[in-house]
Amino acid sequence: MTDSKYFTTTKKGEIFELKAELNSDKKEKKKEAVKKVIASMTVGKDVSALFPDVVNCMQTDNLELKKLVYLYLMNYAKSQPDMAIMAVNTFVKDCEDPNPLIRALAVRTMGCIRVDKITEYLCEPLRKCLKDEDPYVRKTAAVCVAKLHDINAQLVEDQGFLDTLKDLISDSNPMVVANAVAALSEIAESHPSSNLLDLNPQSINKLLTALNECTEWGQIFILDCLANYMPKDDREAQSICERVTPRLSHANSAVVLSAVKVLMKFMEMLSKDLDYYGTLLKKLAPPLVTLLSAEPELQYVALRNINLIVQKRPEILKHEMKVFFVKYNDPIYVKLEKLDIMIRLASQANIAQVLAELKEYATEVDVDFVRKAVRAIGRCAIKVEQSAERCVSTLLDLIQTKVNYVVQEAIVVIKDIFRKYPNKYESVIATLCENLDSLDEPEARAAMIWIVGEYAERIDNADELLESFLEGFHDESTQVQLQLLTAIVKLFLKKPTETQELVQQVLSLATQDSDNPDLRDRGYIYWRLLSTDPVAAKEVVLAEKPLISEETDLIEPTLLDELICYIGTLASVYHKPPSAFVEGSRGVVHKGLPPRTAGPAPVCSGTSCPADQPAVIPTQGDLLGDLLNLDLGPPVSGPPMATSTVQMGAVDLLGGGLDTLVRPSFLCSFSGSSGSFTAAPSTTAATNVGAALGSGLGDLFDLTGGVGTLSGSYVAPKTVWLPAMKAKGLEISGTFSRQVGSISMDLVLTNKALQVMSDFAIQFNRNSFGLAPAAPLQVHAPLAPNQSVEISLPLNTVGSVMKMDPLNNLQVAVKNNIDVFYFSTLYPLHILFVEDGKMERQMFLATWKDIPNENETQFQIKDCSLSADAVSSKLQGSNIFTIAKRNVEGQDMLYQSLKLTNGIWVLAELRIQPSNPRTSPWDSPSPGRAGGSGGGGGLSPVPASLEPSLCEWCCVLLAGVAP
Amino acid sequence: MVRTMQYTLHCGDSESGCKTPVVKQSSLEVTCNWKASGDPNPPAALCLPSKVCGIWRRNAVDAFRVNVIHARQQVRSPVTNIARTSFFHVKRSNIWLAAVTKQNVNAAMVFEFLYKMCDVMTAYFGKISEENIKNNFVLIYELLDEILDFGYPQNSETGALKTFITQQGIKSQLQTKEEQSQITSQVTGQIGWRREGIKYRRNELFLDVLESVNLLMSPQGQVLSAHVSGRVVMKSYLSGMPECKFGMNDKIVIEKQGKGTADETGKSELGSGKQSIAIDDCTFHQCVRLSKFDSERSISFIPPDGEFELMRYRTTKDIILPFRVIPLVREVGRTKLEVKVVIKSNFKPSLLAQKIEVRIPTPLNTSGVQVICMKGKAKYKASENAIVWKIKRMAGMKESQISAEIELLPTNDKKKWARPPISMNFEVPFAPSGLKVRYLKVFEPKLNYSDHDVIKWVRYIGRSGIYETRC
């Protein structure tokens, strides 16, 4: 009766004794011995030495003994592959046993032994078993194909098992069908490209029929497989949905969640006007709520999924707020998830209830939970404007409790509320200041300092408060130090008279006594700003901040769509795509939701139907980070670029000219050290400029005729940068122009969606020349559907710098109330030619000589029939200045210079050949370096060199123009 | 899918386990990796033929033990990812059941399977305890082998499993060919939960309507949330393959029928109070034909033999709250609390509620409590930080009261007492949702017994779920 005695033998010589027992004649004794062996194996003892003896027991009629031996084999076959071969015969024999249970057992076990030699022998028995008359054997064999595929995929394909497996989908037994589907799905997952499952309306119909008949687990396999199917039109999607909905009443939560997955995915294809769509939405809510009465672990899985569903389709659960109220004895993981969903569902209709609950939670015991509850109150204030006042007073009540972490959390969220509703709740500042001493967490301290700095003019003793923080400046975390620096500068700008000393103190602390590059550079920038142009400083530091958005922690839409395809699985629990936690090739297949169509949709097979993705910009992550920083991050004084510039500058200085091509000049001058200017030019970089210039010059010559005007530089016609289909209906077209010294980006925003767009914002990624918007994107009225607005966005070149490839590549992020969109565009280089680009003749001559050959590049511009003077004046319009002109052998030679915004000089020689279309024979560049030319023009090699005396980069352009 | 899933039965005292370094002796793990594909690194496996599999398995178990079972902090999630390996666990008393995977498996399915495994084990050997697991480890291996293949759960109905896996070992010798094929067709068949050829002398069935009523009430007596989660449990002793049809006072069905015979139903049901109830949602045992329920809202099925849970349901409307709790807490100075709690029973006076227990939380710094109650017994339990008031029976429409004086020790703790809600337990002989069984018809065309010959019993039990009133 009891097996526990097997665990008790610990004496020495045990193995030897077992050996004797295993070889005993008595069946009972043998069985006992094998049980002991298994018991030892279970607790982790090494009993592999008994391998031959155990295998000897395999030849038996006793099914129980056989199972035990098989168990042993699965564990140790790998360690004794040669011995394992002894077992093969018995396996093969068992596969022919009249008893179907034994046949199935043999094939099941063989599939679990990962020894090549055994695998070879598995094929024949497996083939037979796949066609066995008994469904029990067939369903076991179906899974065995998946096992074999995992060991040796090639073998499975060569032996044609996949086709047999496919045939099993039409089997008469529902369990065989389910296992075959499971096996095929598993194999298909490791072969994303193969068309293994070959789902078509006929096979789908079979699966749907089997769905009604098989076990609960089989239903899960089938539903998971259905979720990968892409119906060809909305009608098919609807008919599948109709047949899947009954599953929502299944007692097994996994069946319900898998059914929800299928419905959520196919719903995407249904038109919202359809009656059925509304019915389906209504049907989804009750089963989701029912999942919450399951066991806590399942509740957790369900809640993580509901979190996704609420983000995707908030309408489903919008009336179900109450079921997410936290129960006192819910496990903490359930509580935290419920809280998350409560915030998402909060709306004007239910805010009173939610707030009452949240206040209740804020007095609970679990610190994490309490903090989250407090934070949730803040989120409610930001999300539901009508409730803001009540939220603030609730938070004040909580601050009165003086519970340390509650107070700190409350201050952090109040800071956000201030940002959302500026100048509304400042009356509470006094209460906040009372709690200054109790703040010991960096985030709370930083938030408090921000508040003091931001409202310095209303807090009488702001200077004292900030000064008190300054005492332990070096012990603070970076977050607090940065905030303190900014706050004191703000204070100084607001009350310059009394706080001069304080600002001096903090600037010296930040720049001289700190080894944190961020802090030091922000310090330098402020210092520089304050000392050169206090008005600009005011504009930068006290700039109007963009409002923060209502929702936080939203999952990025493409990821959300992908995760919806993974409802019920681990990916939906972690809120991460499978590739983030699965090793190897499996699960890398990107899943996407089907596009909403009324007509036929492109039929994609299997799992591989990637959603229409926007053009991916390589550093999307950075961009996104930057944008988020702009919107919701800890408040940064002034435009966010200020900080990033600092970081970039620091890297540059340390980099010693690795990337010196694009060093912003102002950084060079104020760092005070000139050591890094001796760096040698990198030739490739220079050529890049040449290439970019070359393509730009083609435009400048304006080959199409006289569009270019003398008053300004050439402006290319607007092109579409961001097509509407990639940006949820927002179309952006535009061009760049330079007019009297200022660069601007001329945009046309067109709303091609059905909803009104508002809250536009724009941000550039770091780029070669530090282009950045000089003002926020101002769209005054919300953009109605089918409306366009033209905007001229002024740009400056003080943004942060990163070399791009191609050099004039610009990555842009545009945000509106719907989403964030990314696109990249190439800007013409001539917008960067500055007005003072005329070099002195002497200097020109000296520089020209010093340019090394490898910095030259040559272009040829054809089909241009302008005279030398006309060319000269046209180019001057674009800030390319003619320094000298001469005539050699009937050819006009123009010597020209231009200067880029970052101080790089480019010198050029332009040769105009009246008749001969060949390139200038002399001054030929290093062979093979004929710079690629865009448009229609080509320029000759560009010599570029470093002129140490000038501390500037020089680059000479030599161009030949052939008419 | 769940390919590299490995089921670990870990038993052992988690508290003592973390103190004693010799874990082996105080704990037992039955690691059942029924797929050698539990191998995490096939390439390495080729050059390391010695027990890579075993090592990994043990690694996984050890990782789980160190990071979850003996973790210093409270478990923050039932799913843990350690070194790209995901662990799912559920706990039954001091036994941890864990599943391991490296793939993106269906998480809901894994948990459902773990629960199912618990059910199966309980059905075989009773309570899941360390002792029982040690005593039945061979059986557990066999069960796992049968119900989980390569991470894919197979038929896990105990009724079917018990036909060929028994606690005394497998019935292999006795089986005839017919028996064998009967087993396999049942295990894989459409009606995998019932075998053919069941015979009873007396055809009998029992229906239990078990409801748990949940309430969260504000101190002012406002219902913050209330719902009933109910279950219909059926015990059937019926011969053959009986076709059953279950009917209850579901609003949708009644209204549908009402259109035809409005007068009739109106008269017959008016006397019994509520006519019909609105069911928010219900789920069914896998024997119920879901498509039929979806189209006609009729519940038809062939039941498993013996006991099973036919359906679960949830209602939120028109719930009869059997008790009302009226709390009154007064803080008298810093060292004294006065608590008065009144409970009112709210059902027919002829009915009796049983096992009534009211739990009134007390602050952590309580030094002494004096209690006076009109009925039942009340005690202060210091270890539970609560006053527990027990009443054996209470009829409907009655009222009872307890008052207590709580002495507090002065503390410096700034944090206020959280005032957990007052909770209540009870059992009442009716369904708080108002659900009524209307019929359960049995048809067995092949055997000669009719619906009238079946003896049917129905019982209603309403219990408290989480029944809390904030104070």
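If you plug the beta carbon distance of A:Asp805 and A:Gln512 into 1/(1 + (r/R0)^6) with R0 = 30 Å, you get a FRET efficiency near 0.20. With both labels modelled 7 Å from their Cα along Cα-to-Cβ, the A:Arg235 to B:Lys377 distance reads 7.4 nm. The slack in the chain from A:Ser758 to A:Val365, taken as 0.36 nm per residue of separation less the alpha-carbon distance, amounts to 137.3 nm. Could you go through the stretch B:331-340 in sequence order and give the Karplus-derived ³J(HN,Hα) for each residue, using 6.51 cos²θ - 1.76 cosθ + 1.60 with θ = phi - 60°, rounded to whole Hz, and x for Gly and Pro? Karplus values, whole Hz, x for Gly and Pro: 8, 9, x, 8, 10, 8, 10, 10, 10, 10.
Rounded to the nearest 0.05, what FRET efficiency is calculated for A:Lys282 and B:Tyr237 with R0 set to 60 Å and r the Cβ-Cβ distance?
Values: r = 40 Å, r/R0 = 0.67.
For R0 = 60 Å, the calculated efficiency reads 0.90.
Potential lengthening of the chain between A:Asn89 and A:Met725 amounts to 222.6 nm, from the contour at 0.36 nm per residue minus the alpha-carbon distance. Once the Cβ-Cβ distance between A:Glu790 and A:Leu542 is put in as r, and R0 is 25 Å, what FRET efficiency do you end up with, to the nearest 0.05? Rounded to the nearest 0.05, the efficiency is 0.25.
Charge tally for B:Lys446 (other residues, Cβ to Cβ under 11 Å; Lys, Arg +1; Asp, Glu -1): -3. Rounded to a whole number, what is D in µm²/s for the stretch A:147-248 from Stokes-Einstein with the Kirkwood radius over alpha-carbon pairs (25 °C, 0.890 mPa s)? Stokes-Einstein gives a translational diffusion coefficient of 174 µm²/s. The mean number of Cβ atoms from other chains found within 10 Å of a Cβ in peptide B:191-200 is 1, as a whole number. Each of A:Thr901, A:Thr478 was scored by other Cβ atoms within 10 Å of its Cβ. Arranged with the fewest first, they read A:Thr478, A:Thr901. For the stretch A:31-122, the Kirkwood estimate of hydrodynamic radius, built from reciprocal distances between every pair of different alpha carbons, is 13.1 Å.
Summarising the label geometry, the points placed 7 Å from Cα in the beta-carbon direction at B:Lys398 and B:Gln370 lie 2.7 nm from one another. Among A:Leu894, A:Leu509, the ranking by other beta carbons within 10 Å of each residue's beta carbon, starting with the fewest, stands as A:Leu509, A:Leu894. Listed from fewest to most Cβ neighbours within 10 Å, the set A:Leu563, A:Leu105, A:Leu345 follows the order A:Leu345, A:Leu105, A:Leu563.
Over all alpha-carbon pairs in the stretch A:479-574, figure out the percentage whose distance exceeds 15 Å. Summing the P(r) of the stretch A:479-574 above 15 Å gives 69 percent of all pairs.
Our summary gives the stretch B:129-256 a relative contact order of 18 percent, counting only alpha carbon pairs under 8 angstrom and 6 or more residues apart. Summing charges over all other residues whose Cβ lies under 11 Å from the Cβ of B:Arg195, with Lys and Arg as +1 and Asp and Glu as -1, gives -2. The stretch A:348-406 and the stretch B:350-389 have Cα centres spaced 32 Å apart. Here the stretch A:451-586 is assigned +1 on the Cβ of each Lys and Arg and -1 on the Cβ of each Asp and Glu. Its dipole about the Cα centre then comes out at about 320 debye.
Quotient of the Cα radius of gyration of the stretch A:276-435 and 2.2 N^0.38 Å, N being its number of residues: 1.10. Per-residue Karplus couplings for the stretch A:135-144, computed as 6.51 cos²θ - 1.76 cosθ + 1.60 with θ equal to phi - 60°, are listed in order as x, 4, 6, 4, 5, 6, 5, 4, 5, 4 Hz, Gly and Pro entered as x. Temperature 20 °C, viscosity 1.002 mPa s: under these conditions the Stokes-Einstein estimate for the stretch A:40-180, based on its Kirkwood radius over C-alpha pairs, is 139 µm² per second. Summing +1 for each Lys or Arg and -1 for each Asp or Glu among the other residues whose beta-carbon sits under 9 angstrom from that of B:Lys390 gives +3.
Charging the Cβ of each Asp and Glu at -1 and of each Lys and Arg at +1, and nothing else, the dipole of the stretch A:791-867 about its Cα centre rounds to 100 debye.
When the chain is fully extended, how far beyond the present Cα-Cα distance does A:Asp850 get from A:Asp836, taking 0.36 nm per residue of separation?
Value of the extension gain: 2.9 nm.
Less than 5 angstrom separates the built amide H of B:Glu444 from those of B:Glu243, all sequence-distant by 5 or more or on a different chain.
Placing a label point 7 Å from the Cα of A:Asp437 along the Cα-to-Cβ line, the residues of the stretch A:472-504 whose backbone N sits under 19 Å from it are A:472-473.
Laboratory data are not the source of any read-out in this text; all were calculated from the coordinates shown. As the structure is a computational prediction, the values presented were derived from the model and not from experiment. In this analysis, Cβ positions are derived from the backbone assuming ideal geometry, glycine residues included, and neighbour counts consider all displayed protein chains.
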